[in-house]
Amino acid sequence: MIPLNNQPKTLIDPMGRSITYLRVSLTAKCNLRCSYCYGTGKDNSISSDHLSTTDVIRLIEVFASLGINKIRFTGGEPLMRRDIVDLVRRTAKMEGINQIGLTTNGLVLEPLLPSLIEAGLNCLNISLDTLKRETFRQITGSDGFDRVYSAIISAEECGTFKRVKVNTVVMRGINDEEVRQFTLWALERRIDLRFIEFMPTQQSGWDKSRLVNEDMIKDLIGLDLEPVKGNDNSPGPASSYTLPGAPGRISFISTISHNFCGRCNRLRLTSTGQLVGCLFLNQPADLKKMLAEVDDIKDIAEQIRDIVARPGFRRPPQELPVIGFNPFMRKVGG
Ligand code: SAM
């Protein structure tokens with residue numbers, strides 16, 4: 001661990017938001033072809049120039065020294081990296097890091113699950129947009145529904161995770177008819193089902209008519225869900241609900257209809273080493289170059305502090321979230 005003597009151990013942006021969470025995209029590659037994420041246009045080129053294991057670990061160490069306590073590995077598909085278990089293990093040993101999460105499409109998760117848990121994984125998000133095999137094939141271009149479903153059930157039953165989070169992007173005419181059934185399925189399990197509003201990311205084929213917003217989703221659910229209060233509700237963008245006595249939760253990540261920039265506590269690191277301060281701003285800072293040029297890890301930490309303090313690196317809280325720049329999800333790391 002890097003001692004950063006005389007430094008306050010917190011990263012605070014100019015708007016006073018304290019940053020404690022880093023999402024690390026390990027690759028822009030994916031083994032599914034979800035139309036709303038992978039892209040349907042021509043610019044599907046991705047750089048294979050991703051950060052090495054050593055560089056990922058070095059950067060996470062720097063961020064841990066700056067007060068980051070939660071790391072999430074994402075992508076692209078993070079399980080396409082052969083070093084994923086090693087990365088989790090080494091991150092788990094770092095002082096200050098107490099939450100290590102993974103966001104995965106679940107396709108190759110099940111056989112890796114015991115090693116990931118043993119290495120220290122303690123938060124798990126699996127993306128699944130439908131409970132129907134055929135719809136899964138239409139959305140993802142893969143016949144992998146059974147594998148993903150089985151991984152979710154194994155993860156739930158193993159008992160390691162308080163609740164397994166299932167990410168579901170709701171799209172009109174594609175899976176909106178399943179919302180109620182999906183809700184009932186999740187409520188009876190130790191699952192936190194997170195309905196995500198479809199965002200206008202690059203090449204996602206987004207158009208407003210496909211958007212099913214939080215209020216519409218609540219109407220489709222048609223249950224008297226109660227808000228989850230207190231410590232059980234996370235500080236992130238999700239607002240969570242349940243039914244009394246049900247083990248499961250239903251959450252909403254409503255990037256289009258709600259503004260939660262005011263409580264944004266996160267930064268993103270792309271697989272090529274770009275630090276991103278806001279999903280909807282295109283002002284990345286090149287940390288890979290910095291790693292190559294700066295030896296002293298304390299200097300890297302200091303430069304990251306300066307980047308976070310830059311005007312325009314993080315979106316001010318009062319602005320509506322989705323305007324202007326549309327991110328390329330699997331490059332930035334969803
Ligand atoms: N491959 C992993 C997975 O499938 O979870 C991690 C990367 S994926 C980009 C992370 C999350 O972003 C997924 O839950 C996915 O549904 C979400 N996502 C991708 N494109 C989106 C969009 N246009 N609107 C909302 N969510 C999106």
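FYI, it's all coordinate maths here, none of it is from the lab. If you're wondering where the values come from, they're calculated on a predicted model, not measured in any experiment. All Cβ positions, glycine included, derive from the backbone under ideal geometry; neighbour counts span all protein chains shown.
The count of lysine pairs in segment 11-332 with alpha-carbon distances below 20 Å, taking only pairs 8 or more places apart or on different chains, stands at 18. Taking a Cβ cut-off of under 14 Å around GLY144, the surrounding Lys, Arg, Asp and Glu residues balance to a net charge of -1, with basic ones at +1 and acidic ones at -1. Per-residue packing, averaged as other Cβ atoms within 10 Å, sorts the ranges 91-101, 291-301 into the order 91-101, 291-301, beginning with the highest. Rounded to the nearest Hz, the phi-derived 3J(HN,Hα) couplings of segment 240-252 under the Karplus curve 6.51 cos²θ - 1.76 cosθ + 1.60 (θ = phi - 60°) are 10, 9, 8, 10, x, x, 7, x, x, 10, 10, 10, 10, where x marks glycine and proline.
Here LYS208 and ARG82 are evaluated by their C-beta separation; at R0 = 35 Å the FRET efficiency comes out at 0.30. For the chain, return all DSSP H helices satisfying: extent of Cα atoms along own axis at least 30 Å; mean Kyte-Doolittle hydropathy at least 0.0. Both cut-offs are met by no helix. Label positions at GLU177 and SER142, each projected 7 Å from the Cα along the C-beta direction, are separated by 2.5 nm. Between ASP306 and HIS258, what's the calculated FRET efficiency when r is the beta-carbon distance and R0 is 41 Å? Round to 0.05. After rounding, the FRET efficiency stands at 0.85. Considering only PRO227, THR53, ILE139, and ranking their Cα positions along the charge dipole of the chain that arises from unit charges at the beta-carbon of Lys, Arg, Asp and Glu, the one farthest toward the positive end is THR53.
Considering only alpha-carbon pairs that sit under 8 angstrom and 6 or more positions apart, the relative contact order computed for the chain is 22 percent. Electrostatic tally near MET216: other residues with Cβ closer than 13 Å to its Cβ, Lys and Arg +1, Asp and Glu -1, net -1. Rounded to the nearest 500, the 222 nm mean residue ellipticity of the chain from helices alone is -8500 deg cm²/dmol, with -39,500 (n - 2.57) taken per DSSP H run of at least 4 residues. A cut-off of 5 Å between modelled amide H atoms, ignoring neighbours fewer than 5 places along the same chain, links VAL166 with ILE126, ASP192, LEU193, ARG194.
Summing +1 for each Lys or Arg and -1 for each Asp or Glu among the other residues whose beta-carbon sits under 12 angstrom from that of ARG180 gives -3.
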